[in-house]
Each structure stands twice: as C-alpha cells, then as structure tokens.
1. On full extension of the chain, what length is gained from A155 through T277, given 0.36 nm per residue of separation minus the C-alpha to C-alpha distance?
2. Using the beta-carbon distance between L61 and D2 and R0 = 30 Å, what value does 1/(1 + (r/R0)^6) give for FRET efficiency, to the nearest 0.05?
3. Applying 1/(1 + (r/R0)^6) with R0 = 41 Å to the Cβ-Cβ distance of E254 and D394, what FRET efficiency is obtained, to the nearest 0.05?
4. Arrange W266, W130 by Cβ neighbour counts within 10 Å, fewest through most, would you?
5. At 0.36 nm per residue, minus the direct Cα-Cα distance, what do L355 and Q317 gain on full extension? Give it in nm, one decimal, please.
6. Which net charge results when you count Lys and Arg as +1 and Asp and Glu as -1 among the other residues whose beta-carbon is under 15 Å from that of P327?
7. What is the packing order of peptides 199-210, 20-31, taking the mean over residues of other C-beta atoms within 10 Å and listing the highest first?
8. Could you pull out the chymotrypsin sites (Phe, Trp or Tyr not before Pro) across the stretch 323-389 that fall in loop regions by DSSP (anything but H, G, I, E, B) with no more than 15 other Cβ atoms inside 10 Å?
Amino acid sequence: MDKNIKRIRENFPILKRQINESPLIYLDNAATTQIPVSVSKKIMDFDETYRANVHRGVHTLGMWATEYYESVREKVKNFIHAKSKKEIVFTSGCTDSLNLVAATYGEQNIQAGDEIVVSIMEHHSNLLPWQQLAIRKHAKLKFIELDSKQQLDLADAKNKITSKTKIVAVAQVSNALGCINPIKELAKLAHQNNAVIVVDGAQAVGHFDVDVQKLDADFYAFSGHKMFGPDGIGVLYGRKKLLEKMPPYRLGGEMIADVTREGAVWAPVPQKFEAGTPNIEGVIGLEGAIDFIECVGLNEIRQHEQYLIRYLLPRIQEITGIIVYGPKDASDRTSVISFNVHGIHPHDLATALDLEGIEVRAGHHCAQPLMKTLGVESTVRVSVAIYNSQEEMDKFLDILVQIKEFFQNGLR
C-alpha cells in the first residue's frame, strides 16, 4: 500500500473494523464518506470549550461561538470561490438547499406555461422539488437525455433550453453514472435564455476544485457528509442579488430584523434563511472536513481517485456477463462505477459482498427515471475515496468473480 495512503487511513479508525470477520473495505463513499479523527476532535473541542448558541447572547461564550461559526462561513466561501460570505447559507444538507431554492426562488419566478429543465440523471433531490413546483404552477418540466456514451447530451440540452426556460437544474456529477456534466456550457445556455442554473454539487465538492464563479452558477448546493464531514449540514451558495430578492424559507428566531404586531422585517442574507438554532456542531465539523481536504490536497484526491477508477474500470469490464453503466473511459467520470452482473440481482450481489466485508450500494440510487432510461430497476455501485487502496480493488475484484461463479455454477 502506498505510504501516503496508509498514513491517510490512520485518520479513519473505522477502517480498522472487521465486518463478518473480514477486514472492512468501504466502497459506498458516494452515499456517505467516513469522518477523520480530526473532524471528530474539532466537534468535541467546540462542545468542551466554546459551546453556546450563536447570534444571541452578549456573554463571552456566545460571542466566541458566533465568531467561530461565522469564520466557517468565510472558509466555505473561499473553498468554493464565492464572491462574498453573504452568499453562503448553511442548511441541513444538499436536499434542503435544493428545496430552499425551489420553495423560494421557484415559487416567485415560475408561472403557468414556463419551463423547467433538468437532466434525466438527476438524483430525486434535484428532480422532485422541480417536478412538484411545475405541477403546482402549471409549468412544463423537460428532461435533457443521455447521449450514446451515457453522458449528458449537450445537443439535446441546446434544444430543450429555450426562451420559455426559467430554471435549469443539473448535477455537476451524476451519483449513478459518475459522469461530469458540462456546467459552464449549460450555464451559458441558461443565461442566454434569461434563465438561472441550479447545480447539485453533492458528488463534486471534495473530489476536485469547485469554483462557482468560473462555473457561472446561480445556485450551488452540497452536503458535508459526502466530503468527510458530519451528517445534517449542507451549504447553499446563491448569488447575493438573487438571495436578497427571495423570501425566507422558514420562519422563527434569528432570521428577522424587527417584528411588530402587524408584521416583520427580515434579516439580511444569509441570516434570512437560517431560522432557529442552526446545526452549530455540523458547521464546526464542516470546517474540519475542509481542513482535512486542503491538508491532503484536492489535486492529490482527484489523482488518487482517478488512479483507482482507471485501475478498476477496465478490469470490471473484462469480466464476462457484467454491464457497466456510464462513460466507458475513466477520464470522463469521477469516483463512481455502477454495474450489473447478468443473472444476479443487485441486492443479492451486495449482500454477498457484505459477507466478505465489502460495503457497496445496491438500488436505484434515488434516480429512478435514470434507471428506467437504462432499462433496469437497480444497479450495484462502487464508489472510492482517498483512503481506498489498490489492494482493496484487487480484493473486491477477486470476490466479485467468486460470487459470480458461485451464483452461476453453485458449490462444486
């Protein structure tokens, strides 16, 4: 094992566990990454040293906590290259961020006859809010289809995005196919038609450098738990001029400037969208996750994940009876490979792998329209992270072949 990867793995105690009396091989990173010790310790340090509510008390702990909390907003701003920390809204996750945009900007700006464009590969979190908005507003929902390589069809996007389009909502990376979508080109098409683009960045942030300004994204959403951070914390980036025009998503404490018997004046952005006590520990953990990523280096993370996918992808494709979905060239995808084995249900295959300590995802990956387009109900998904090794890929491949032969030939 590479010494650097071995050193990184030391930060993740869970990787020393055994599952079903076999060493844990964790290959479900697209669902949730593991948390390094540094993140856990940072959360514990906050609870033991700074714990207080934010934006409330004038006492010392309250001011310390608020200063710490707001410093993380600045760190997130720099991490995704936003213009201002006022463009960073803390949410409970990517799903919450996308629902926020649909329930505020969408409700304000979508009228009967308008069009909303999404891709057929969207996670339900970036489909259902727009689908239901279109139903409520009597608007039309249009889908960008896949091309012959099972990537987003840019030519189809040019036909689907028209002067009637008001919102384009697309994932930067597909959670099921692993392909990287041409966000800059889609943003250009959207803006040429006076539409905004909403980007689901859940599978991109933490895998390579994300610059929301270079992407020309109007909104960009992601979650902490997919980038070595804790559960229950997410980020919505939004252009300040758009956020300022949007109504609040939830009402309650700390999102107001003034309240009278007759009405209320909302606080400025981003506080307007952060009603109630926020997930302070989650925000602190998110800082720890960014620190970890920056310490390892986004370039090193990208290179290592690409190395593993370049190693794994052709070897899976060589196995008779296996169908791999998405781009066949590893350079066109990130850390995800979805596949099926002829004659074996994905859930059965995942269960058999689990018996050997190998944790993968099996199911429709919250992307049922995509599954229907591919002509399947579900797939097996392998997703790697910086702490995975080539030795683990070899073990996975060996066990995969053994399981395939067992299901096809039985015990001898």
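Since every read-out is calculated from the coordinates, none of them should be taken as a lab result. Note that the structure is a prediction, hence the values are computed from the model and not measured. FYI the Cβ positions are ideal-geometry reconstructions off the backbone, even for glycines, and counts take in every protein chain you see.
1. Extra length available between A155 and T277 comes to 39.4 nm.
2. 0.10
3. 0.20
4. Result, fewest neighbours first: W266, W130.
5. 11.4 nm
6. 0
7. In descending order of packing, they fall as 199-210, 20-31.
8. none
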